[in-house]
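Structure first, then comments.
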Amino acid sequence: MELPFRAMCIDDADRPGDIPTSQWLKVKRLYTVIDMKRLLMQGGKIGFKLAEINLAGCAPYEFYLSDRFAVVFDQKIIAQLELNQLLEEAIKEEENEKFIRETDPGTGA
């Protein structure tokens, strides 16, 4: 498989305690795989290194297990997933801004 490629997280369960939530996967998110490696300590399973999340400081973890992902080849599907992700982020941002307006008397709400 040629790098980089896109993959969607399908399993974000069982986060190791050594990896903070800020550096953990989110299910239904699209990621860019920039490196792959056979992980001997994991019984020879394949690991993915992602462009979007840096695992620096999370030793011994350097890669995410590939079985947590579904590789996406169809460009139309990738575009739709990216649009859905942007929409989701915009909705959350609007909800946060609304909450701030409603709870902060300094905003004039």
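The values are calculated or read from the model by the stated rules, or taken from the named source; none is laboratory data. Note that this is a predicted model, so its numbers are computed, not measured. Cβ: placed from backbone, ideal geometry, glycine included. Neighbour counts: every protein chain shown.
Kindly evaluate residue 49 against the criterion of being surrounded by 16 or more Cβ atoms within 10 Å (Cβ to Cβ), outside the structural domain of residue 83 (by TED's automatic domain parsing), out of contact with any Cys (no Cβ under 8 Å at 6 or more places or on another chain) and among the charged types (D, E, K, R). Reasoning before the result, please.
Values: surrounded by 16 or more Cβ atoms within 10 Å (Cβ to Cβ): yes; outside the structural domain of residue 83 (by TED's automatic domain parsing): yes; out of contact with any Cys (no Cβ under 8 Å at 6 or more places or on another chain): yes; among the charged types (D, E, K, R): yes.
In short, yes.
Exactly one residue out of 83, 65, 55, 25 is farther than 16 Å from residue 9 by Cβ and either touching a Leu at 6+ places or on another chain (Cβ under 8 Å) or hydrophobic (A, V, I, L, M, F, W, C) (or both), and it is 83. Scanning region 4-32 for residues that are in contact with a Ser or Thr (Cβ under 9 Å, 6 or more places away or on another chain) and at pLDDT below 95 yields a total of 4. Considering region 81-97, the residues that are out of contact with any strand residue (DSSP E or B) (no Cβ under 8 Å at 6 or more places or on another chain) and surrounded by 12 or more Cβ atoms within 10 Å (Cβ to Cβ) include one that is nearest to residue 33 (Cα to Cα), namely 84.
Check whether at least one residue in region 50-62 is of a type in the set (Val, Ile, Thr) and modelled with pLDDT under 85, and report yes or no. Step through it out loud before you land on a result.
Pass one, region 50-62, residues of a type in the set (Val, Ile, Thr): 53.
Checking which are modelled with pLDDT under 85 leaves us with none.
Among the residues of region 50-62, not one is of a type in the set (Val, Ile, Thr) and modelled with pLDDT under 85, which makes the answer no.
Note on region 63-90: residues that are at pLDDT 90 or above and part of a helix (DSSP H, G or I) total 3.
Could you please let me know if residue 52 is acidic (Asp, Glu), closer than 22 Å to residue 88 by Cβ and in a loop (DSSP other than H, G, I, E, B)?
Values: acidic (Asp, Glu): yes; closer than 22 Å to residue 88 by Cβ: yes; in a loop (DSSP other than H, G, I, E, B): yes.
In short, yes.
Looking only at region 5-25, filter to residues that are surrounded by fewer than 13 Cβ atoms within 10 Å (Cβ to Cβ), of a type outside the set (Val, Ile, Thr) and under 20 Å from residue 85 (Cα atoms); which one of those is nearest to the chain's Cα centre (by Cα)? Checked region 5-25; the qualifying residue nearest to the chain's Cα centre (by Cα) is 22. As for region 25-37, it holds no residue that is assigned to a helix (DSSP H, G or I) and in contact (Cβ under 8 Å) with a residue 12 or more places away in the chain. Within the option set 93, 102, being more than 30 Å from residue 11 (Cβ to Cβ) and at pLDDT 85 or above holds for one residue only, 102.
The set of residues from region 61-79 being among the polar types (S, T, N, Q) and surrounded by 12 or more Cβ atoms within 10 Å (Cβ to Cβ) comprises just one member, 66.
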